[in-house]
1. For residue 128, state whether it is more than 22 Å from residue 38 (Cβ to Cβ) and buried (at least 16 other Cβ atoms within 10 Å of the Cβ).
2. Identify the residue in the stretch 1-31 that is assigned to a helix (DSSP H, G or I) and either over 27 Å from residue 165 (Cβ atoms) or within 16 Å of the ligand (Cβ to nearest atom) (or both) and, among all such residues, is least open to solvent (accessible area, probe 1.4 Å).
3. Got a number for residues in the stretch 134-166 being in contact (Cβ under 8 Å) with a residue 40 or more places away in the chain, open to solvent by less than 60 Å² (accessible area, probe 1.4 Å) and over 15 Å from the mean Cα position of the chain (by Cα)?
4. If residue 151 satisfies all but one of (1) modelled with pLDDT of 95 or more; (2) of a type in the set (A, V, I, L, M); (3) farther than 22 Å from residue 182 by Cα, what's the number of the condition it fails?
5. Within the stretch 71-80, identify whether any single residue is open to solvent by 60 Å² or more (accessible area, probe 1.4 Å), more than 9 Å from the ligand (Cβ to nearest atom), more than 16 Å from the chain's Cα centre (by Cα) and more than 21 Å from residue 20 (Cβ to Cβ), and answer yes or no.
6. Can you find a residue that is out of contact with any Pro (no Cβ under 7 Å at 6 or more places or on another chain), over 21 Å from residue 164 (Cβ atoms) and open to solvent by 60 Å² or more (accessible area, probe 1.4 Å) anywhere in the stretch 32-41?
7. Do we have residue 51 as more than 14 Å from the ligand (Cβ to nearest atom) and surrounded by fewer than 13 Cβ atoms within 10 Å (Cβ to Cβ) here?
Amino acid sequence: MREHVAVLRALGADVREVRTPAQLAEVAGLVIPGGESSVMDKLSRLFGLRDPLRARIADGMPVYGTCAGLIMLADRVHDAIEGQQTLGGLDVAVRRNAFGTQLDSFETDLAMPVLGDAPVHAVFIRAPVVDEVGPGVDVLASLSDGRIVAVEQGRLLGTSFHPEVAGETRLHERFLDHVAAAS
Ligand code: GLN
């Protein structure tokens, strides 16, 4: 979370933390950080954020989800915990903790042509992968074995990995471009 705020501020954005529906109403876009998607799901319901978030997403608010944030944006989740819900919006199925316990965390350089020639240094931490994509979804990056790790649908952007801990700013720039286009 702190890293996202730092990257967005360095890019010149006015950044607020959103924990309540009133705070959500004041922002033009949202970054959903990593963490634990099942806990985020429970907390979003507890704090009355789930329905307002779903309404804003349906209304076209730009959102960038990293890792657990991508899971929250996915319409379908494989290996979810019992009763786990998502916000949805991205017509994808993601698989939680897709790299198992042996390869919990790793870093790699990914080709992501939509961001230019330089590869993205991607940090994966108990990360999901995208198992299925619907027809309206653009695949932005895949691992060398073909597993999909970055997707975009309209103004919703999701990555399995964390770019914000590695000094990468281009995904946040892309998110801010979506915010500018939407407002
Ligand atoms: N494994 C977490 C989940 O299922 C995601 C981990 C992360 O966000 N770094 O929500």
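1. The answer is no for residue 128.
2. Among those that are assigned to a helix (DSSP H, G or I) and either over 27 Å from residue 165 (Cβ atoms) or within 16 Å of the ligand (Cβ to nearest atom) (or both), it is 4.
3. Matching residues across the stretch 134-166 total 3.
4. Evaluating residue 151 over (1) modelled with pLDDT of 95 or more; (2) of a type in the set (A, V, I, L, M); (3) farther than 22 Å from residue 182 by Cα leaves (3) as the failure.
5. Scanning the stretch 71-80 turns up no residue that is open to solvent by 60 Å² or more (accessible area, probe 1.4 Å), more than 9 Å from the ligand (Cβ to nearest atom), more than 16 Å from the chain's Cα centre (by Cα) and more than 21 Å from residue 20 (Cβ to Cβ).
6. no
7. Taking the combined requirement at face value, the residue satisfies it.
Residue-wise test of (1) open to solvent by less than 70 Å² (accessible area, probe 1.4 Å); (2) outside any strand (DSSP E or B); (3) modelled with pLDDT of 95 or more; (4) closer than 14 Å to residue 37 by Cα.
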| residue | (1), (2), (3), (4) |
| --- | --- |
| 83 | yes, yes, yes, yes |
| 88 | yes, yes, yes, yes |
| 91 | yes, no, yes, no |
| 94 | yes, no, yes, yes |
| 97 | yes, yes, no, yes |
| 101 | no, yes, no, no |
| 109 | no, no, yes, no |
| 117 | no, yes, yes, no |
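The values are calculated or read from the model by the stated rules, or taken from the named source; none is laboratory data. All figures in this text were calculated on a predicted structure; none of them were measured in a lab. For neighbour counting, all protein chains shown are included, and Cβ atoms are generated from backbone atoms with ideal geometry for every residue, glycine included. Surface areas here come from the heavy atoms of the whole protein model, side chains and all, with no ligands, DNA or RNA. Shrake-Rupley method; radii C 1.70, N 1.55, O 1.52, S 1.80 Å.
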